[in-house]
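Colleague: Can you read through this structure? Questions will come right after.
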Amino acid sequence: MELKRTLNRFDSISLLFSSMVGSGIFFTSGFLLKETGNLWIVLLAWGLGGFLALSGSITYAYAARLLPYAGGDYVYLKIAYNPALAFMSGWSSLLTNFSACISVLALAFGKYVILLFPSIPNWSTGTYQMLGVNWEISTATVIGILPILFFSLLNYFGIKSAVRVQNVFALIKIIGLVLFICIGFAIGNTNWSFLWNEPFPDIFSLSFFSKLLIGIVPVSFSYLGWNMITYIAEEVQSPEKNLIRSAVTACFMVTGLYVTLNLLFFVSAPSSSLAGKDGIGAIAFQNLFGTHLSLLTTGFIAWVILGSLSAIIIGGSRVYFAMARDGAFIESFARVHEKYRSPYIAIFFQATIAILFLGIKEIETLLYMITCSILILSSLTAATPFRFQKLGYESDYKIPFFPWPIVFYISANLAVMVVLFYEKPANALWGLAITLSALPVYYGIKHQKKVLQAKRELVS
């Protein structure tokens, strides 16, 4: 059963913007400062991250125009390469790319709710290690379950109702962030010496490139969502026009917003008081406007996180739906609700996996696991225009400056992966292991289907 094309260009841009602008902008720069030790490297990483997202968008658009169906990478890899590689992409989406992203956002939301309501008992089971990963159940974990269930239920009632709510989140998010930037620079307690006194790095040193590349890892997480439109392409009106225009518009909006916000963060406090902090956004808000507005700013950050969480839940479920529709995954995942036209089983299964991931203690652990898995498969997807042309598929869409956006995107991904495996080997190996674990699952399912088919033929 097919999905219904109900989303216009505004809906598409709103969904892309909300999926990209989430909790990452409010805590990633604190980790980056700790890892790189330099404000200028952090700013450059955010700028390059935006250029990387734009390169990916205009590259993915080629496949999206040829195959405007639900599933994104899964669909493109299946046609361009083979079903096993496509299954690997869908499997990674289920276990890391989407489910873990949802967990990161939900956990961040839980932490901000605790800041909003200090009277909530803040308890924890303590840290325990399993399979090389630290686990912890806490108040934030339990709170994080609530938005996952709420937005999954909202998606059950159809994408149009979910996107209406999404548009409200996006509009308030855009207006709030623009106001914060304008008011912050105009009357906030800024001090530009915090930035100008920071020594500019030696851009020709090996250390600079290493720090820049490791910095792009968490930045890439914060830009995740630039390809969200490809996962819901089957539900977008006039895909031949709206897919690429929506993606490019969203990338420019978000890149400008991210770089400007980070600039405001860095003139609000010295880098020593921001490095390694879990909530750099909240700290900057308090320094700029005082503690009397801390509840307002903390609440706004929680709102931004919810908008991103909603968008990612919408996109992720379509991947498992596409896999099941092809017969490559559990058949029930392909069911579409007769009234609401939603892949409801895929939606609630995704919610279950995301809730399980909430038990991982360190957010940055999830970040590096997610990024490693995504970089491997997205590089293969970015190369699909070459494969499609070789296979005789022609698109009316021409990639600007072809083939350089593809070359840049793949080269940057490979460079980041090398640094990631060197700097964070345990996390990178976890991401790689989860990706490769798809192969025995795929061939196991394939073998099981052959056995069942043989039994049916024997009976008949």
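The values are calculated or read from the model by the stated rules, or taken from the named source; none is laboratory data. Since the structure is predicted, the reported quantities are computational estimates derived from the model, not experimental observations. In this analysis, Cβ positions are derived from the backbone assuming ideal geometry, glycine residues included, and neighbour counts consider all displayed protein chains. Ligands, DNA and RNA are excluded from the accessible area calculation, which covers all protein heavy atoms including side chains. Shrake-Rupley method; radii C 1.70, N 1.55, O 1.52, S 1.80 Å.
Colleague: Sort the range 100-217 into rounded, prolate or oblate with this rule: let a ≥ b ≥ c be the square roots of the eigenvalues of the Cα gyration tensor; rounded if a/c is under 1.5, and if a/c is not under 1.5, prolate when a/b is larger than b/c, oblate otherwise. Don't skip to the end; give the middle numbers.
Modeller: Numbers: a/c = 1.78, a/b = 1.29, b/c = 1.38.
It is oblate, given that a/c is not under 1.5 and a/b is not larger than b/c.
Colleague: Considering all projection directions equally, how large on average is the shadow of the alpha-carbon convex hull of the range 212-257, in square nanometres?
Modeller: 3.7
Colleague: Further, regarding this structure: One quarter of the convex hull surface, Cα atoms only: what value does that give for the range 329-460 in nm²?
Modeller: Working: hull surface 54.1 nm².
Result: a mean projected hull area of 13.5 nm².
Colleague: While we're on this one: Working from Cα positions, state the angle (0 to 90°, nearest 10) between the long axis of helix 159-187 and the longest principal axis of the chain.
Modeller: 20
Colleague: For the range 253-293, what ratio Rg/Rh do Cα atoms give with a Kirkwood hydrodynamic radius?
Modeller: Numbers: Rg = 10.5 Å, Rh = 10.7 Å.
Dividing the radius of gyration by the Kirkwood radius yields 0.99.
Colleague: Of Phe209, Ala86, Ile376, which is farthest towards the positive pole of the chain's charge dipole, taken about the Cα centre with +1 and -1 on the beta-carbons of Lys, Arg and Asp, Glu respectively?
Modeller: The listed residue farthest towards the positive side: Ala86.
Colleague: What number, in nm² with one decimal, is the all-direction average of the projected area of the convex hull of the alpha-carbon atoms of the range 8-162? Let's see the in-between values first.
Modeller: Working: hull surface 51.5 nm².
Mean projected area for the range 8-162: 12.9 nm², to one decimal.
Colleague: Further question on the same structure: Could you give me D for the range 247-333, from Stokes-Einstein at 25 °C and 0.890 mPa s, where the hydrodynamic radius is the Kirkwood radius over C-alpha pairs? Units µm² s⁻¹, please.
Modeller: The calculation lands on 153 µm²/s.
Colleague: Based on the Kirkwood radius over alpha-carbon pairs, what is the Stokes-Einstein translational diffusion coefficient of the range 28-116 at 10 °C with 1.306 mPa s viscosity, in µm²/s? Mind showing how you got there, number by number?
Modeller: Working: Rh = 16.0 Å.
The estimated diffusion coefficient comes to 99 µm²/s.
Colleague: Please give the net charge around Gly158, taking every other residue with its beta carbon less than 12 angstrom from that of Gly158, where Lys and Arg add +1 and Asp and Glu add -1.
Modeller: On the way: positive: Lys4, Lys160, Arg164, Lys339, Arg341; negative: Glu235, Glu338.
Neighbour charge sum, excluding Gly158 itself: +3.
Colleague: For the range 303-456, give the magnitude of the charge dipole about the Cα centre (Cβ charges: +1 Lys/Arg, -1 Asp/Glu; no others), in debye to the nearest 20. Present the calculation step by step, with values, prior to reporting the outcome.
Modeller: Values: 15 positive and 8 negative charges, 149 e Å.
Rounded to the nearest 20 debye, it is 720 debye.
Colleague: Just tell me which lysines come within less than 20 Å, Cα to Cα, of Lys339; anything on the same chain fewer than 8 places away is out.
Modeller: Straight-distance partners of Lys339: Lys4, Lys160.
Colleague: Counting only protein chains, not ligands or nucleic acids, how are His292, His337, His447 ordered by accessible area (probe 1.4 Å), most first?
Modeller: Largest to smallest exposure gives the sequence His292, His447, His337.
Colleague: As I understand it, the value is the acute angle between the Cα axis of helix 280-289 and the longest principal axis of the Cα atoms of the chain; what does it come to in degrees, rounded to 10?
Modeller: 40
Colleague: Run the Debye formula on the Cα coordinates of the range 172-247, all scatterers equal and no solvent, and tell me log10 I(q)/I(0) at q = 0.27 1/Å.
Modeller: One equal scatterer on each Cα of the range 172-247 leads to -1.11.
Colleague: Between His337 and Ser161, 0.36 nm times their residue separation minus their Cα-Cα distance comes to what?
Modeller: Values: separation 176, 0.36 × 176 = 63.36 nm, distance 1.41 nm.
Extra length from His337 to Ser161 when fully extended: 61.9 nm.
Colleague: Can I ask one more? In angstroms, what radius of gyration and Dmax does the range 99-151 have, counting Cα atoms only?
Modeller: Computed over the Cα atoms of the range 99-151, radius of gyration and Dmax are 11.7, 35 Å.
Colleague: Once you charge only the Cβ atoms, +1 for Lys and Arg and -1 for Asp and Glu, what is the size of the charge dipole of the range 230-385 about its Cα centre, to the nearest 20 debye?
Modeller: Numbers: 9 positive and 9 negative charges, 41 e Å.
The dipole magnitude comes to about 200 debye.
Colleague: Putting +1 on Lys and Arg Cβ atoms and -1 on Asp and Glu Cβ atoms, find which of Ser268, Ile244, Val254 reaches farthest to the positive end of the dipole of the range 178-274.
Modeller: Ser268
Colleague: Any idea what the relative contact order of the range 1-109 is, in percent, if you count C-alpha pairs under 8 Å spaced at least 6 apart?
Modeller: On the way: 31 pairs, mean separation 17.2, N = 109.
Relative contact order of the range 1-109: 16 percent.
Colleague: Whole number please: convex hull volume per residue, Cα atoms of the chain, in Å³. Before the final figure, lay out each step's value.
Modeller: Working: hull volume 69.4 nm³, N = 460.
Per residue, the Cα convex hull of the chain comes to 151 Å³.
Colleague: Relative contact order for the chain: what percent, with Cα pairs under 8 Å and sequence separation of 6 or more?
Modeller: It comes to 35 percent, rounded to a whole number.
Colleague: State, in angstrom, two size descriptors of the range 150-191 derived from its alpha carbons: Rg to one decimal place and Dmax to the nearest whole number.
Modeller: 15.9, 49
Colleague: Output the relative contact order of the range 321-460, whole-number percent, from Cα pairs under 8 angstrom with separation of 6+ residues. Display every interim value, and only then the final one.
Modeller: Working: 75 pairs, mean separation 33.2, N = 140.
24 percent.
Colleague: Let me ask something else about it. Round to the nearest 10 and give me the degree value, 0 to 90, for the angle of helix 83-92's Cα axis relative to the longest principal axis of the chain.
Modeller: So the helix axis and the longest Cα principal axis differ by about 40 degrees.
Colleague: Tell me which lysines have Cα within less than 20 Å of Lys211's Cα, excluding those fewer than 8 residues away on the same chain?
Modeller: Partners found: Lys34, Lys277, Lys424.
Colleague: Okay, next question. Could the peptides 193-201, 344-352, 309-317, 28-36 be put in order, highest first, of the mean number of other beta-carbon atoms found within 10 Å of their residues?
Modeller: Numbers: 193-201: 13.3, 344-352: 21.2, 309-317: 28.0, 28-36: 23.9.
Descending mean neighbour count gives 309-317, 28-36, 344-352, 193-201.
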